[in-house]
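The values are calculated or read from the model by the stated rules, or taken from the named source; none is laboratory data. Predicted model only: the values in this text are computed from it and were never measured. Cβ: placed from backbone, ideal geometry, glycine included. Neighbour counts: every protein chain shown.
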Amino acid sequence: MSGEWILYIVFGATALVSAIGVVFLANPIHSALSLIGALASVAGLFLAQEAFFLSVVQIIVYTGAVVVLFLFVIMLLGIDSADPREEQLLRRQWFPWAFLGGVIGVGGLVLTITGIDLPFGVSGTDTADAVNEAGGNVQALSERLFTDWLLPFELTSILVVAAIVGGVVLAKRTKDLRGSGMGLTPDLAERISEEVEADAAEGELDPEDAFEADDVDPDPDSDAVLVGETSENGEG
Amino acid sequence: MSKEAAENILELAWIVPLICLVSAGVLTTLGRKLKEPWGGVVGVGAVGVAFLVTVVVFAALLSLPADQRVFEHVLFEWIPAGGFRIEAGFLVDPLSILWMLLVTGVGFVIHVYSLGYIAGDERYTTFFGQMNLFVASMLILVLGNNFLVLFVGWELVGACSYLLIGFWFKKIENSSAGNKAFFANRVGDFGFLVGLMLIFATVGSLDFDTVFGAAYASLGGGAGVPIALGTATAICLLLLVGVTGKSAQVPLYVWLADAMAGPTPVSALIHAATMVTAGVYLISRAHPLFALSEVSRAIVTFVGIGTAFYAATIALGQYRVKRVLAYSTISQLGYMIAAVGIGGAGYAAGVFHVISHGFFKALLFLGAGSLMHAMHGEEDMRRLGGLRKVMPWTAGLFLVGGLSISGIIPFSGFWSKDAILGALYESPESWGKIAWGIGLAAAFLTALYMFRTYFLTFTGDRSWGDEAHPHESPWVMVIPMLVLAVGTTLWGLADLPGSQWLHGFLEPTFGVFGGEAERWTGEVVLLLTAGLLVGVLGVATAYAVWSRATRERRISFGERIPAGAGMFWRKAYDVDAALEYGVRRPGWELTGVLATVDEDAIDRTVMGIGGGAKRAGRQLARLQNGSVRVYASVFLGGVVLIAAYVIVRGGAGL
Amino acid sequence: MEFLQTPPDPDAYIVLAVFLFSIGAVGFLVRRNAIVMFMCIELMLNAVNLSLVSFGRALSDLSGQILVFFVLVVAAAEVMVGLAILVAIFRRRARASADDMSSLKG
Amino acid sequence: MSVLAQAIPAPQTDYTTIIPELIVLGTGLLIVLMLAIRRFSNIGWYALIAALGFAAAGIVAYVDLWPEVTDGAATYAFSGMVAADGFSTFVVILSCVAGVLAVLLANSYLKREGLDKAEYFALLLFSAAGVQFMAMANNLVMVFLALEILSVCLYVLSAWNRDKFASQEAGMKYLLLGAYTSAIMLFGISFLYGGTGTLNIAALAQFFARNVLENQGLVFLGMALVVVGLAFKIAAVPFHMWAPDVYQGAPAPVVGYMAAAAKIAAFAALFRILFLGLSAMEVDWKPLLWGLAILSMIVGSLLALVQSDVKRMMAYSSISHAGFIAIGVAAASAEGMSGALFYLVTYTFMIAGAFAVIDCIGRKDEQYTKYEDYRGLFAREPLLAAILTFFLFALAGIPGTSGFVAKFVVFEGAAEGGQWALIGIGTVAAVIALFFYLRLIVLMYMQDSTERPDLAETRARVAAGPAVVLAVTVAATVLLGILPQGLLDMAGQAVFAL
């Protein structure tokens, strides 16, 4: 048995199982931990395909940074327990079957179209020998990255700057909110409670009706087609 | 006037719409800042100046030799794409100058009248702004030198009329009438637009010159891309769809009667002088295309003459003066459409009748407005009567208008209607005589319903309550009516058989298609006599039945009267009932069926396009319920659809 | 089990990637917690990465791996902005459920 | 052997081809730096810097690059990552114009709402750079990265109004769906890569020229998913669901920019990928675009009919406009695409102008955006009402405005391809569209504002920035409606010089 098969089966299975875990665990923290499993398994699959650099980066950037960010925000916001409505949904007996059906449906469709027997008509220049000659996967990649792919590489820095600037602006507390715990001033607290009451007035959403329109005013008999009538559907 | 001087003046013809446009802009933007008399003064003044300039242009055109009276001037090149270009400019020729005179002239008179009618309204200045915009749009329509400019005017006219009909939009009824007008016109415009596209696809241009050049080429003369017969028929029928919308012909006429909800000067301006005649103008202008397709001309003729008869039967059953006038307008427009449909001498006859109708229908509307002004908006004939003594001027002038529309000598209506009937009868086309027969019958009905209106309103007992204090209208309203009355008396001279000045004047436009001028022959005299007899018969019948109507009878007109042979002959009262059963009822039953079609099918189709669209929109909006997950589901659904397409397309690796 | 003797085809990885992707895509539709929705997107991106690496290997071309590198950056940037907005929303409403964000509709 | 000793070939850099982008990005970074060092108390200075940056980039592109690129063939720079040609330069100039308008719109808005953070302008500049790189991108990775730069900035800008939940909700929805779409589009890119072995768009065309695929499912699906990703950005049905919510919730000046910028970028990329890279698959992607165009025109128009919020109605109208522009792309001809470019230019002006008015009327917190608030507008604000009427007419495509010429040229492109059915449906949609614009217009001219003392008393303030925007956009819309030839020639050159 080829060694790669072992890696494939082990990491592939853990990836799928952890991915399903992400979806099925009601508590976001558990989901995040499960996500680490999935990402690490993908890193393993990279390893199996001799993408050593990516495999390491995958662990460092994804599990080290992205998932930590998730966990950090979950902790910060204090949503470290399952939403009861969500829990209820996930416990429904039909749910796993529906989910499985969806996955097989989407996946099957994609595979049907692309065909299991994938055609790879072209052979590139980065054969295993060429990569070895460059000094290995890391060297070959870095060489490409800083020559041919220089411009995209530079653009990613712009992307990151834009994201940081935007993130800071959005998440920073406003001046008038400074110094009060979550940033709640009496004024804002009052506005929020009004909003929440307005939401409550709309009625709590049942897990199943999320896919139903709840209050679109049908008003089918109105003849004044052009002029002067409005229906109420505004902000909550 | 020297030739150069004349051409210099003609080059400035574009000033006429500009004056109206600028004044409309000023009046609309200033809105309330311009206090009551001044807004009106600016509005009326602008149209007055426009009229004067038009007269000067007309004089300049007349001073040129007849064969040089088609003057095209390109203002700028308007070039949307690559090889195709549009030279936006204007075209002054006998046809367009007549329409300009009509629009500015009658428009001016109606503007003066509005000074009295709209006085005191809170949106006084805005009203004049919109009226001026309307006049400007109509001028753009008739002045354009290509179909695109014409279409610009066509659309603007529709939008303005929509605004004006709904002017007093606080009444729900009005705004829904505005809607109806809008829908019907949209359906028509759609046909028109598709027609334009077809023209463009066929000829590759929308310039009148090029398109008609192609039409001539297909007839065997001149250079250009020939147009196949089938294409020509399709184009003509599509244009006809546009015409039925704008000129209120069957089946898209439904909006016009309801459009009466607007202020009376608006009714007069739209129904008498301008917008509704746009269809006649379009067919006259596009006559080389219609010359290509005999089938389409036959259809146009019968749509027109059919509408003339059909609308007349409806008019007979109406009790509100303005509604009678509205249906009468539809009916008269039918005559014009029939005339330009059959072609030949019909072109000149149609144009003749347009202006003739402009005079007498404006007069009748202003008379009705004067009546309503005096009676505080009451216009139901069952509650009028005997007004002649109180409002002698209005009654007399209304009578003049009535005689003219009924085709009584010597008023212009007699000459113009008989010109149309003559053109139908003498046309070489085989269907002409049938159309003539229907037209003659419609002429009888016209006289009948018109004088029914006159007698019920102005003669007999008073049927109004004591609370009404009718009075003669102010001079600012009477004088415009007087002017129009003079116009309708004298206009007949323009195209008397034998001299036929108008026919000759229009020759540069219509050329070989215009047919021969009429001579005083025995046949012509016979035809004229027949027309006159029919009119007189109608008036006489109306006199016998309605001239001495009492208050009770007026009120009972509307009620069901059991039919019986005994009661049939006893009194005039019963004749009325007989007419009720013999003419109005069958007409009503016939039109009842048609009216069901009217109210249900057409109305519903027309309104349904909007309503259905709206309903569909609401259903779709249900999906847009704010949930990200639903949105993502729709998104994924779209992806699956596309994937399915990929499979079906055979790209799949199956 | 003779096929196990040779290393797995790229196809095997693609099949795996497709199912990983589908789990993420369907998971996005069923979960209401916005943070978990982001996690599902991460799953989808990882599936793409896996397929890119496999395609790249089959093609003997490193471009696939380089694209994966960029995808990592993009994913981080998106998550960052997303969580920032979430924090801002949470300050006002103390809820992180996507279903609570439905004041805009019609 | 030491790695360092091994010579790495110098990267192929040709910064002259991306000077406008460098100016735009540099200005953005300058603003970020200035913010880090010291803050001007008045953000007007930053607005000025941003506007100057856009203007400089636009002028450089027009003066320096435009004559060059329209003369000869496309130049590829950075190892084929970007292509500098007439098409990309045209879009670069357009994005600069849109950027200047957006800056002018935003300045007074930010001050009024007390959201005056200059980062706004930096993000605006970055997003514009994203648009520009998307137009230039000759590599699917570049397309993806540029798209992400644009999107990330737009997500943040949509959520900019922190005092309004609707704005944050808009940002969140946009981001969630946008990220979802990115993943799907990336999957498509991966399939294209797997099927053809290249990510370079020009090389894709060469691949199809050399090879006949026996089984093209992989490439086909890849193409379809890339189209899906871009269709999301232009808000084409059925990938449009985000647009109404985002347009309604996001600040009006952002929407006025976003509606145009996202469309410009996505259509530019769509055109380059489909027309240049995948022209061999024309028969396959044409029906796809037809479907998107038809659905967008019809569904957008229908939904706009039933709205009661002006911003939301404009969202649906923008969906329908996306359909019209897609007609031009679906024509798959130079004429069609130059028509689409022209359409995008006119749309940029119209939508910026319309949202300038909506912003002024909305006042503080954009509280007046309902149809009810527009009732009787003409009596209260005659000038604003008149201008909005004009823009609505232009959007509806009334002759004499640029909107008409735009629809006309797009239809002409389709007519040359003989796609009469598409034109017919487009005409129907245009008719429905006229209807919902008129509905608003009629409301504005209704006169019972007396029932709204809150509206009657205060007047909408038109600050200097929006005033300039209104003047420019009205002038452009009139001018392009009457004398469109200059721009049409330019659009034609842009496409023919590919």
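Return yes when A:ALA201 is within 30 Å of the chain's Cα centre (by Cα) and either modelled with pLDDT of 60 or more or farther than 24 Å from D:TYR193 by Cβ (or both) and no when it is not.
Details: within 30 Å of the chain's Cα centre (by Cα): no; either modelled with pLDDT of 60 or more or farther than 24 Å from D:TYR193 by Cβ (or both): yes.
The answer is no for A:ALA201.
Scan the range B:1-36 for residues that are in a helix (DSSP H, G or I), free of Cβ contacts under 8 Å to residues at least 60 places away in the same chain, farther than 15 Å from B:MET131 by Cα and not charged (D, E, K, R) and jot them down. Within the range B:1-36, B:ALA5, B:ALA6, B:ASN8, B:ILE9, B:LEU12, B:ILE15 qualify.
Here's the yes/no breakdown for (1) without any contact (Cβ under 8 Å) to a residue 40 or more places away in the chain; (2) in contact with a Leu (Cβ under 9 Å, 6 or more places away or on another chain):
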| position | (1), (2) |
| --- | --- |
| B:PHE458 | no, yes |
| B:GLU467 | yes, no |
| B:ILE479 | no, no |
| B:ALA485 | no, yes |
| B:LEU502 | no, yes |
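Contact list please: Cβ distance under 6 Å, first residue in the range B:227-245 and in contact (Cβ under 8 Å) with a residue 12 or more places away in the chain, second residue not in a helix (DSSP H, G or I), pairs at least six apart or on different chains. Qualifying pairs under 6 Å: B:ALA232/B:SER293; B:THR233/B:SER293; B:CYS236/B:SER293; B:THR244/B:LEU252; B:GLY245/B:LEU252.
I'm trying to understand the selection: among the residues of the range B:449-480, which are of a type in the set (Gly, Ala, Ser) and within 28 Å of the chain's Cα centre (by Cα)? Give the derivation first.
Applying the first criterion (of a type in the set (Gly, Ala, Ser)) to the range B:449-480 yields B:460, B:463, B:465, B:468, B:473.
Scanning the range B:449-480 gives a single hit, B:SER473.
Is it true that some residue in the range D:339-347 is in contact with a strand residue (DSSP E or B) (Cβ under 8 Å, 6 or more places away or on another chain) and buried (at least 24 other Cβ atoms within 10 Å of the Cβ)? Checked against the condition, which is being in contact with a strand residue (DSSP E or B) (Cβ under 8 Å, 6 or more places away or on another chain) and buried (at least 24 other Cβ atoms within 10 Å of the Cβ), the range D:339-347 yields at least one hit. From the set of residues in the range C:65-94 that are basic (Lys, Arg) and closer than 20 Å to D:VAL246 by Cβ, which is modelled with the highest pLDDT? Only one residue fits best here, namely C:ARG92. Take the conditions away from chain B (no Cβ under 14 Å), on the phi > 0 side of the Ramachandran plot and more than 15 Å from the chain's Cα centre (by Cα) and apply them to C:SER54. Does it pass? It is false that C:SER54 is away from chain B (no Cβ under 14 Å), on the phi > 0 side of the Ramachandran plot and more than 15 Å from the chain's Cα centre (by Cα).
Just to be sure before I move on: is D:VAL306 surrounded by 24 or more Cβ atoms within 10 Å (Cβ to Cβ) and without any contact (Cβ under 8 Å) to a residue 24 or more places away in the chain in the structure I sent? Yes.
Scoring D:SER301 on the criteria (1) assigned to a helix (DSSP H, G or I); (2) at pLDDT 90 or above; (3) within 13 Å of chain B (Cβ to nearest Cβ) leaves a single failure, condition (2).
Under the condition of being at pLDDT 85 or above and out of contact with any helix residue (DSSP H, G or I) (no Cβ under 9 Å at 6 or more places or on another chain), the residues counted in the range B:608-646 number 1.
Against the conditions (1) buried (at least 24 other Cβ atoms within 10 Å of the Cβ); (2) out of contact with any Ser or Thr (no Cβ under 8 Å at 6 or more places or on another chain); (3) touching a residue at least 60 places away in the same chain (Cβ under 8 Å), where does D:LEU199 fall short? Just the number, please. So D:LEU199 meets the others, but not (2).
Residues are listed down the side, and each one gets a yes or a no for (1) at pLDDT 85 or above; (2) within 18 Å of D:ARG312 (Cα to Cα); (3) facing another protein chain (nearest Cβ under 10 Å):
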site: D:TYR371; (1), (2), (3): yes, yes, yes
site: D:LEU377; (1), (2), (3): no, no, no
site: D:PRO382; (1), (2), (3): no, no, yes
site: D:SER402; (1), (2), (3): yes, no, no
site: D:VAL409; (1), (2), (3): yes, no, yes
site: D:TRP420; (1), (2), (3): no, no, yes
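Going through the range B:483-516 one residue at a time, which ones are over 17 Å from B:GLY344 (Cβ atoms) and crowded, with 17+ Cβ neighbours inside 10 Å?
Taking the range B:483-516 first, the residues over 17 Å from B:GLY344 (Cβ atoms) are B:483-494, B:496, B:498-499, B:501.
Within the range B:483-516, B:VAL483, B:LEU484, B:ALA485, B:GLY487, B:THR488, B:THR489, B:TRP491, B:GLY492, B:ALA494 meet the criteria.
When the residues of the range B:115-133 are narrowed to those that are within 14 Å of another protein chain (Cβ to nearest Cβ) and aromatic (Phe, Trp, Tyr), which ends up nearest to B:GLY153 (Cα to Cα)? That would be B:PHE127. Considering only residues in the range A:89-116 that are at the interface with another protein chain (Cβ under 8 Å from one of its Cβ atoms) and in a loop (DSSP other than H, G, I, E, B), the one that is modelled with the highest pLDDT turns out to be A:GLY115.
Which residues, taken from the range B:416-446, are β-branched (Val, Ile, Thr) and either more than 20 Å from the chain's Cα centre (by Cα) or closer than 24 Å to B:TRP501 by Cβ (or both)? Break it down into steps so the answer makes sense when it comes.
Filtering the range B:416-446 for residues β-branched (Val, Ile, Thr) gives B:420, B:434, B:438, B:446.
Hits for the range B:416-446 are B:ILE420, B:ILE434, B:ILE438.
Residues in the range A:92-136 that are over 30 Å from D:PHE208 (Cα atoms) and touching a residue at least 60 places away in the same chain (Cβ under 8 Å): A:ARG92, A:PRO96, A:PHE99, A:GLY136. Does D:ALA266 count as buried (at least 24 other Cβ atoms within 10 Å of the Cβ), closer than 30 Å to D:ASP163 by Cβ, away from chain A (no Cβ under 14 Å) and not aromatic (Phe, Trp, Tyr)? In short, no.
For the range A:25-40, what are the residues that are more than 9 Å from chain C (Cβ to nearest Cβ) and in a helix (DSSP H, G or I)? Once the filter is applied, which keeps residues that are more than 9 Å from chain C (Cβ to nearest Cβ) and in a helix (DSSP H, G or I), the range A:25-40 yields A:ILE29, A:HIS30, A:LEU33, A:ILE36, A:GLY37, A:ALA40. Residue count for the range D:52-67 satisfying the condition of being closer than 19 Å to D:VAL24 by Cβ and surrounded by fewer than 22 Cβ atoms within 10 Å (Cβ to Cβ): 9. The residue that is modelled with the highest pLDDT, among those in the range C:1-37 that are more than 7 Å from chain A (Cβ to nearest Cβ) and more than 22 Å from A:VAL110 (Cα to Cα), is C:ALA34. As a summary of the residue check, A:VAL122 satisfies the conditions (1) at pLDDT 85 or above; (2) part of a loop (DSSP other than H, G, I, E, B) except for the one numbered (1). Considering the conditions (1) modelled with pLDDT under 90; (2) of a type in the set (A, V, I, L, M, F, W, C); (3) surrounded by 24 or more Cβ atoms within 10 Å (Cβ to Cβ); (4) farther than 30 Å from B:LEU620 by Cα, C:MET101 is excluded by exactly one of them, (4).
The set of residues in the range D:369-415 that are touching a strand residue (DSSP E or B) at 6+ places or on another chain (Cβ under 6 Å) and either more than 16 Å from D:TYR437 (Cα to Cα) or of a type in the set (Phe, Trp, Tyr) (or both) comprises D:VAL405, D:PHE408, D:VAL409, D:GLU412.
Residues that are facing another protein chain (nearest Cβ under 9 Å), more than 19 Å from C:PHE28 (Cβ to Cβ), crowded, with 24+ Cβ neighbours inside 10 Å and among the small types (Gly, Ala, Ser): does the range D:172-189 have at least one? No; the residues of the range D:172-189 include none that is facing another protein chain (nearest Cβ under 9 Å), more than 19 Å from C:PHE28 (Cβ to Cβ), crowded, with 24+ Cβ neighbours inside 10 Å and among the small types (Gly, Ala, Ser).
Scanning the range C:71-106 for residues that are part of a helix (DSSP H, G or I), within 14 Å of chain B (Cβ to nearest Cβ) and within 24 Å of D:ILE184 (Cβ to Cβ) returns C:GLY82, C:ILE85, C:LEU86, C:ALA98, C:ASP99.
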